[in-house]
1. For region 29-54, which positions are open to solvent by less than 80 Å² (accessible area, probe 1.4 Å), assigned to a helix (DSSP H, G or I) and within 21 Å of ALA96 (Cβ to Cβ)?
2. Filter region 70-85 down to the residues that are under 17 Å from the mean Cα position of the chain (by Cα) and either open to solvent by 80 Å² or more (accessible area, probe 1.4 Å) or more than 21 Å from PHE99 (Cβ to Cβ) (or both) and list them by number.
3. Looking only at residues in region 12-28 that are of a type outside the set (Val, Ile, Thr) and more than 11 Å from MET104 (Cβ to Cβ), which one is least open to solvent (accessible area, probe 1.4 Å)?
4. Residue by residue through region 1-11, note down the ones that are of a type in the set (S, T, N, Q) and either open to solvent by less than 80 Å² (accessible area, probe 1.4 Å) or under 15 Å from ARG106 (Cα atoms) (or both).
5. Just to be sure I understand, how many residues within region 50-102 are more than 20 Å from GLY23 (Cα to Cα) and either among the β-branched types (Val, Ile, Thr) or modelled with pLDDT of 90 or more (or both)?
Amino acid sequence: MATRGDELFLTYGVMGGFMQPQGHVQVLLNILRGYTVQAALDAPRFCISAGLPDNEVPKGEAMKAGDINAEVYFEEGIDEEVVRTLKGMGHDARLAAGFQRAIMGRGQVIQKVADDARSNRT
């Protein structure tokens, strides 16, 4: 739920497990930046994974058992160059395409809008 002053502005929800709080922030920031609610929901998002500890040392890698993995998934629509650049910096960045986009969840928004200044309806 979001307000403007003392007035209800919108109520919304984003599903997706550990993506839920990340999605809430990303959708709300898009709306506050001037996106329509539909554009805010449709905008490509990113998701920092749940960060589960690895239970074994991968063969040939210097990783230690118990290290936290934290993949960062980027939805289609985010330039693949961004993903490549982050990988080059050592991040575990991945593109979520097709059905893999399900990790981003879905969302709904109900927004209060004034119908017409002359009718004073909402």
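The values are calculated or read from the model by the stated rules, or taken from the named source; none is laboratory data. Source: prediction; values computed, not measured. Here the Cβ positions follow ideal geometry from the backbone for every residue, glycine too, while neighbour counts run over all protein chains shown. We work out accessible area using only protein heavy atoms, side chains counted, and drop any ligands, DNA or RNA first. Shrake-Rupley method; radii C 1.70, N 1.55, O 1.52, S 1.80 Å.
1. Scanning region 29-54 gives LEU29, ASN30, ALA39, ALA40, LEU41.
2. Initially, region 70-85 is screened for residues under 17 Å from the mean Cα position of the chain (by Cα), giving 70-80, 82-83.
Within region 70-85, ALA70, GLU76, ASP79, GLU80, VAL82 meet the criteria.
3. If we filter region 12-28 for residues that are of a type outside the set (Val, Ile, Thr), which is where we start, we get 12-13, 15-24, 26, 28.
Filter once more, keeping what is more than 11 Å from MET104 (Cβ to Cβ): 12-13, 18, 21, 24, 28.
On the way: TYR12: 45, GLY13: 21, PHE18: 90, PRO21: 80, HIS24: 46, LEU28: 46 Å².
The qualifying residue least open to solvent (accessible area, probe 1.4 Å) is GLY13.
4. THR11
5. 10
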